[in-house]
Structure formats: C-alpha cells, structure tokens
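Everything on this sheet refers to the single structure shown next.
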Amino acid sequence: GYFLGLTYRMHPALTSHVSQLQYDNRLESDSICSNRSLSEVDPGLHVLEVEHEGNTVLSIEEARAILELLPKLIGKDWIDDSGGGSPQIARPIVETDVVVVAAFNRQVRYLKTLLGNNGYPDIRVGTVDKFQGQQAPIVIVSMATSSSEDLPRGLEFLLSPNRLNVAISRAKWVCYLVRSPQLSKMEPSSAKGMISLGKFVSLCKPKTSRR
C-alpha cells in the first residue's frame, strides 16, 4: 500500500503524537487543520491520570472522571473550517461532538448507562472497532485496567499502538486519555510487549494532569 502523509482531520498538536506513535514522525497535518478552534481548550493529547486498583475491564473511577470532564467541554465555542472558503461561524459543542472510546465492552456499557442517566444520552460510546473511520472534535479514551496484574487480555492488546492510534486519531481537536498511572509500570513478558509499553510511555509523557 501507499502511506498518505497528510491528515485533514487532526490539529498539528494532536498529529504529532499519532505520528510519533505509529508513523515514524512522517505524518503531518494539512494547513486547514490549524484553522479550527475550540474556546478555552488547548489542542492535542491530554493525559488524565486517575488512581484506581484491581480494575480489569471496568473502571468506575475513570467513568466518573469522564462525567466530571464533560461540563467543561459541552457548550464551548467550536469553529470547524471545512475548507469551503466561506467565513466560519462559531457554534457550541454538543453531545454528538464527543466520542468516548473504551478498551473493553463492559466499560462501554457502564459509560453508556452513567452518561445517559446524567444528562448525556447522545454522546457516542464504543470500542475502537466501532469508531473506525469516524471523527469528532473531542475524543475521550478510557483504558479501564489498573495495572499489569489486572490485564485480562494481555499488554499487547491494551497498549497496542495500532488500537491507540485509531482511538486517538478520531479527534479533530483534542483527545483525553484517561488511565491509571500504574499502566506505565508494567513488566512486559515479551519483546513486543516491551515495544508497546515504550511507545505508550512516550505517548503519555508531554502533558499529564493528576486527579
């Protein structure tokens, strides 16, 4: 196949993370991606560390952190330059502008119930496979698993660079990666696992906020 080195979706601040993770720093953003804006929200990848223990495929703590994050995003002014040449008018971010990607189906089901019961029934929630090819101004990724001791399907699945790439690159402006800080302290049992862990740690380095 052919490598297409230009994205028309992601802001450059987000593309740089995806490019390093999966494309040997060869992926760049078209200039149109810099014409978009979301008020009071910096573009790029924001890592939100949430302390929890013993979670395998469900994290109530991460789900609650996402619920607390949403009021800070819904209603913000969003300008999406589609390249048509016409002046773009700001509009408020609505629920359908947010995609929540969870690593496991059980986390998906819990998030759908929690968000629906708290006034966010129209936010799209699903696994990476569901959102292949889709996009949104805002993407939130929930890792759910607490640590290497709690991994249900192996490190290579949870920290797969390809799956992380697909999840993060759904975003036009910003992606929030919600995760346990213990995920950076795993002990890989294979060379492939070591590579996946190294890429994940590098991905999470730039901007980290702790709750």
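The values are calculated or read from the model by the stated rules, or taken from the named source; none is laboratory data. This one's a predicted model, so the numbers in the text were calculated from it and none came from an experiment. Ideal geometry is used to build each Cβ from the backbone, glycine not excepted, and the neighbour counts take in all protein chains shown. When the accessible area is computed, the model is the full protein with side chains, heavy atoms only, and any ligands, DNA or RNA have been set aside. Shrake-Rupley method; radii C 1.70, N 1.55, O 1.52, S 1.80 Å.
Suppose accessible area is computed on protein heavy atoms with a 1.4 Å probe; arrange Lys205, Lys172 from highest to lowest. Could you put the intermediate results ahead of the total?
Values: Lys205 145, Lys172 25 Å².
So, going from the largest accessible area down, we get Lys205, Lys172.
Output the direction-averaged projected area (hull surface divided by four) of the convex hull of the alpha-carbon atoms of the range 52-170, in nm².
7.9 nm²
Within the range 38-83, which GluC sites (Glu not before Pro) sit in a loop by DSSP and count at most 12 neighbouring Cβ atoms inside 10 Å?
Answer in residue order: Glu40, Glu51, Glu53.
Given that compact globular proteins tend to follow 2.2 N^0.38 Å, what is the ratio of the alpha-carbon Rg of the chain to that value?
In units of the 2.2 N^0.38 Å rule of thumb, it is 0.99.
Ignoring any ligand, DNA or RNA, what whole percent of the accessible area of the range 21-138 comes from carbon and sulfur when the probe is 1.4 angstrom?
44 percent
Which lysines, on any chain, are close to Lys172 with Cα under 19 Å apart, when same-chain ones fewer than 8 places away are left out?
Within the straight-line cut-off, Lys172 pairs with Lys72, Lys76, Lys130, Lys207.
Mind putting together the pair-distance distribution for the range 128-197? All Cα pairs, 10 Å bins, whole percent per bin, short to long.
Bins of 10 Å from zero give 20, 48, 27, 4 percent of pairs.
Check which residues have an amide H placed less than 5 Å from Ala103's amide H, if you skip close sequence neighbours.
Counting only residues 5 or more places away or on other chains, the set is Ser142.
For the full complex of protein chains and a 1.4 angstrom probe, list Arg26, Arg91 by accessible area with the highest value first.
Result, largest first: Arg26, Arg91.
State the extension gain, in nm to one decimal, for the chain segment bounded by Val201 and Ile89, taking 0.36 nm per residue of separation less the distance between their alpha-carbons. Could the numbers behind the result be given before it?
Working: separation 112, 0.36 × 112 = 40.32 nm, distance 3.82 nm.
Result: 36.5 nm gained on full extension.
Considering every pair of different Cα atoms, what Kirkwood radius, in Å, is found for the range 1-85?
15.5 Å
Sort out for me the Cα centre separation of the range 103-160 from the range 16-56, rounded to whole Å.
Measuring centre to centre over Cα atoms gives 16 Å.
Of the peptides 12-25, 156-169, 191-204, 97-110, how do they stack up when ordered by the mean number of other Cβ atoms within 10 Å, highest first? Spell out each step's value before the answer.
Numbers: 12-25: 18.5, 156-169: 20.2, 191-204: 16.4, 97-110: 22.3.
Output ranking for 12-25, 156-169, 191-204, 97-110: 97-110, 156-169, 12-25, 191-204.
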